[in-house]
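Note sheet for the following structure.
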Amino acid sequence: MDGYPPEKQAMSLAERRVAEAFVLAMRAELSDAPYGAPFAAQPTQPEWVIVSRWGLAAEYLSLSRTGRPAPGDGVAPDNLQPRETFFGVRTAGPALEPCFLLLRHLPPDMPVAGLFLPTDGFVRLVGPTGGLGLVAAGRHAHMLGRSNGRLACADVPCPPEGADGARAWSITAQRRPWLGEFVERSIGATVA
């Protein structure tokens, strides 16, 4: 518990826990940067993102950009839809602030909503479900194409010079009320 502020130290484990299954909307601050210089990030406009966590061991997470601006601190719009999706698998570490490694390839037979973006990076969930936030960073390089009639991205291990879609990015986000949210309430997490 070292490093936690006094008000969090007084909270019970259930109050600090992050739910193991959910679909939530978050207001995100996104920064974009050149692929080879992620430290040179430029701020962008706030955007709504959708974050989902699921799996038998709560091991999967998707972070989807919606392309919808998120002005102010209000309620998320009802009709948010994933446009571009990063996919992660949970790493070993504390259950109170789980971390997910973002992947360049989807596991076999793992569909995601929106266009999957092959990515190197991480997502860390912070805080209890009721006030859940996240911190994420990564970079991706891909070529656009088609697979089974749908738009698809192919991973580019080392982006060619001037490659479109080769970018570094970082995101900080905070949960906002949303009509489309779902939180599994049977795992003992405090949900607000």
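Segment LEU106..PHE122, full-extension length gain: 4.3 nm, with 0.36 nm per residue of separation and the alpha-carbon distance subtracted.
All other residues with a Cβ under 10 Å from the Cβ of ALA57 taken together, and with Lys, Arg as +1 and Asp, Glu as -1, what is their net charge? With Lys, Arg at +1 and Asp, Glu at -1, the net is -1. Here the range 19-179 is described by how far its Cα atoms reach on the three principal axes: 43, 36, 33 Å, from widest to narrowest.
Here the spin labels are modelled as points 7 Å beyond Cα on the Cα-Cβ line, and at ARG146 and ARG68 they lie 2.9 nm apart.
Compared with the alpha-carbon gap, the fully stretched path from ASP78 to TRP54 is longer by 6.5 nm at 0.36 nm per residue. With both labels modelled 7 Å from their Cα along Cα-to-Cβ, the ASP155 to ALA92 distance reads 2.2 nm. Local charge for ASP155 was computed over the other residues whose Cβ lies under 11 Å away, with Lys and Arg +1 and Asp and Glu -1, and equals 0. Extending 7 Å from Cα along the Cβ direction at ASP32 and again at VAL135 yields two label points whose distance is 2.4 nm. THR172 to THR44: extension gain in nm, 0.36 nm per residue of separation minus the Cα-Cα distance? Extra length available between THR172 and THR44 comes to 44.9 nm.
Coordinate-derived values only; no laboratory data. From a predicted model like this one, the values you see are computed outputs, not experimental measurements. So basically every Cβ, Gly included, is an ideal-geometry build from the backbone, and we count neighbours across all protein chains shown.
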